[in-house]
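Asker: Here's a structure for you.
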Amino acid sequence: MSKKIPQSTARPRERAFLVGVELHGQTQNLSLEDSLAELALLADTAGVEVVGELTQKLSRPHTETFIGPGKVEELKALAEETLSEVVIFDDELSPRHQRELEKALAPNIRVLDRTALILDIFAQHARSSEGILQVELAQYEYNLPRLTRAWTHLERQAGGGGGRSGSSGGVGLRGPGETQLEVDKRAIRKRIAHIKKELEKVEAHRMRYRAQRKRSRIPTVALVGYTNAGKSTLLNRLSKSEVYVADQLFATLDPTTRRVELPGNDLALITDTVGFIQKLPTTLVAAFHATLEEISQADLLLHVVDISHPNALNQYQAVQDTLQEIEADHIPVVTALNKVDQLQRPEVARETLKNFPKSVGISAIQGLGIPDLLHLIREELYESYAPIQVHLPYQQGALISLFHELGQVDLVEHRRGGVSLQGRIPGRLVAQFAPWLNKKENSSEAQDAAENLLSEEI
């Protein structure tokens, strides 16, 4: 099935034709139509004008061209008719698929996939040195297996070296019998190794910063959600700050942390993080490891859902899938159903709340529901206690102090090699004490409850 899209009167941009495939038996959060609509938004964010789309249902991808040979001929004709300069597939193509498609289409038409498009958007939006390095790493790791003999040079990027013989980071002189492709691949691998070392330094700095925050005893909350759900707007509302906000996908890449005052003069540190999306490229998940750890190390997740979006539930599930992928699905969650002001029937939000435990309907831009949300966050961080019994080695002095300072101690016994503590601690801290839970068969009822809570969360 194909469809042409009316021409825009806006300033001419690179023209793109979209291709979507529905594979039999493949489950995903969005329908083919909705997924292509999202791909069109991604293309618009990247500065590309969508001029048409083509879809096909397959039992499995074609070995050479992903879509069937007949569809390739149809795509070629449509792309030429609409003067398309690029064809964008909604799935990640293998290097072979991409090469064969580019051979089959007109020489002036490039072939991209969803992953390459998202990487391009990230490259446009990265601002900090860390973000730029992370995107560059993801781009190189994506492009390395896709280099072909047509690749005649290594594009110089910031920090990539000048390419002079003998310079560090440059391409240098070719050895006997080496092709330019081999030289370029070696240079890219060298650049990847350099970026990874730089990111290790960034990660070490981030770990020290997180440890400092932990010592401050102020609990941390990570904002998570589908891209463009309104996380940055909510952070601005909660912290009375001015984090960059734009009505576009992936407007915010770099994590931003702000101190927020909760009811009762309690405090929390809330961090805005990169938005999620279905089919999030694995290269990005790997490259943004240090940034995503801001989520996995948080005491509480604040999941922002755009309740006005027709695919709100599917987007919610896509975020849950990503949280599981980065091993953050055990952390307690509060859900903010955002943009209730855009609903024609506000009672829809009230009904939807029943599907989400610990949720509040809000409008971040208008401030609706914000007091209720702050109360719920405070309740989760400061009032939700779990019974627990642990035996802590004396070397774990920080945890012993933490139990006394933030917990309710019922019993203390000093024994050889450590101290046994029984009482109640904030639920957000249970995971930190997991290695030292007392697992004796005659453990108390409090101990059993603590282990049950831990198993439920993890």
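Values in this text are rule-based calculations from the coordinates and carry no lab data. All figures in this text were calculated on a predicted structure; none of them were measured in a lab. Here the Cβ is made from the backbone with ideal geometry for all residues, glycine too, and neighbour counts use every protein chain on show.
Asker: Where both residues lie in region 2-120, what percent of DSSP beta bridges are antiparallel, nearest 5?
Answerer: DSSP beta bridges in region 2-120 are roughly 20 percent antiparallel.
Asker: So if we plug the beta-carbon distance of Asp410 and His289 into 1/(1 + (r/R0)^6) with R0 = 30 Å, what FRET efficiency do we get, rounded to 0.05?
Answerer: For Asp410 and His289, the calculated efficiency is 0.15.
Asker: List the residues, sorted by chain then number, that are 5 or more residues from Gly275 or on another chain and whose placed amide H is less than 5 Å from its amide H.
Answerer: HN-HN under 5 Å from Gly275: Thr252.
Asker: A follow-up question, please. With a point put 7 Å past each Cα toward its Cβ, work out how far Asn355 is from Asp266 in nm, to one decimal.
Answerer: A separation of 2.9 nm, rounded to one decimal place.
Asker: Quick check: residue separation of Lys76 and Gln432 times 0.36 nm, minus the Cα distance between them. What number comes out in nm?
Answerer: That works out to 122.4 nm of additional length.
Asker: Could I have the simple spin-label model distance between Arg186 and Glu347, label points 7 Å from Cα toward Cβ, reported in nm to one decimal?
Answerer: 7.3
Asker: Just subtract the alpha-carbon distance of Lys196 and Arg217 from 0.36 nm times their residue separation and send over the number in nm, one decimal.
Answerer: Result for the pair: 4.4 nm of gain on full extension.
Asker: Sticking with this one: Give me the three principal axis extents of region 256-308 from the C-alpha atoms, as integers in angstrom, largest value leading.
Answerer: 42, 31, 16
Asker: Additional query: Students often forget the sequence filter, so: which aspartates and glutamates lie under 14 Å Cα-Cα from Lys196 once same-chain residues fewer than 8 apart are removed?
Answerer: Glu130, Glu136, Glu141
Asker: Which of the peptides 407-415, 311-319, 332-340 is most tightly packed, and how do the rest follow, judged by the mean count of other Cβ atoms within 10 Å per residue?
Answerer: Highest to lowest by the protection proxy: 332-340, 311-319, 407-415.
Asker: Ok, one more. Taking square-rooted eigenvalues a ≥ b ≥ c of the alpha carbon gyration tensor, is region 218-382 rounded, prolate or oblate, where a/c under 1.5 means rounded and, failing that, a/b exceeding b/c means prolate?
Answerer: rounded
Asker: In addition: So how far apart, in nm, are the two label points at Glu383 and Glu22 if each is 7 Å from Cα heading toward Cβ?
Answerer: 4.7
Asker: Work out from phi, with θ = phi - 60° and the Karplus expression 6.51 cos²θ - 1.76 cosθ + 1.60, the ³J(HN,Hα) of each residue of region 80-95, listed in order in whole Hz, and give x for Gly and Pro.
Answerer: Each residue of region 80-95 in turn: 5, 5, 8, 6, 5, 9, 8, 10, 10, 8, 7, 10, 7, 8, 6, x Hz.
Asker: While we're on this one: Roughly what % of Cα-Cα distances in region 289-441 sit above 20 Å, to the whole percent?
Answerer: The calculated P(r) of region 289-441 puts 59 percent of pairs beyond 20 Å.
Asker: Now, a different point. Listed here are the pairs Lys231/Lys358; Lys201/Lys231; Lys57/Lys354; Lys103/Lys185; Lys71/Lys103; Lys197/Lys240; which of them are more than 25 Å apart at the Cα?
Answerer: Distance filter (> 25 Å) returns Lys201/Lys231; Lys57/Lys354; Lys197/Lys240.
Asker: HN-Hα J couplings of region 380-385 from phi, Karplus 6.51/-1.76/1.60, θ = phi - 60°, integer Hz, Gly and Pro as x?
Answerer: Calculated HN-Hα couplings, in order: 5, 7, 10, 10, 8, 10 Hz.
Asker: When you count, for each residue, the other Cβ atoms within 10 Å and take the mean per peptide, how do 352-364, 185-197, 267-279 rank with the highest first?
Answerer: Ranking, from highest mean packing down: 267-279, 352-364, 185-197.
Asker: Just how far, in whole angstrom, is region 272-348 from region 362-439 if you go by their alpha carbon centroids?
Answerer: Each part's Cα centre sits 25 Å from the other's.
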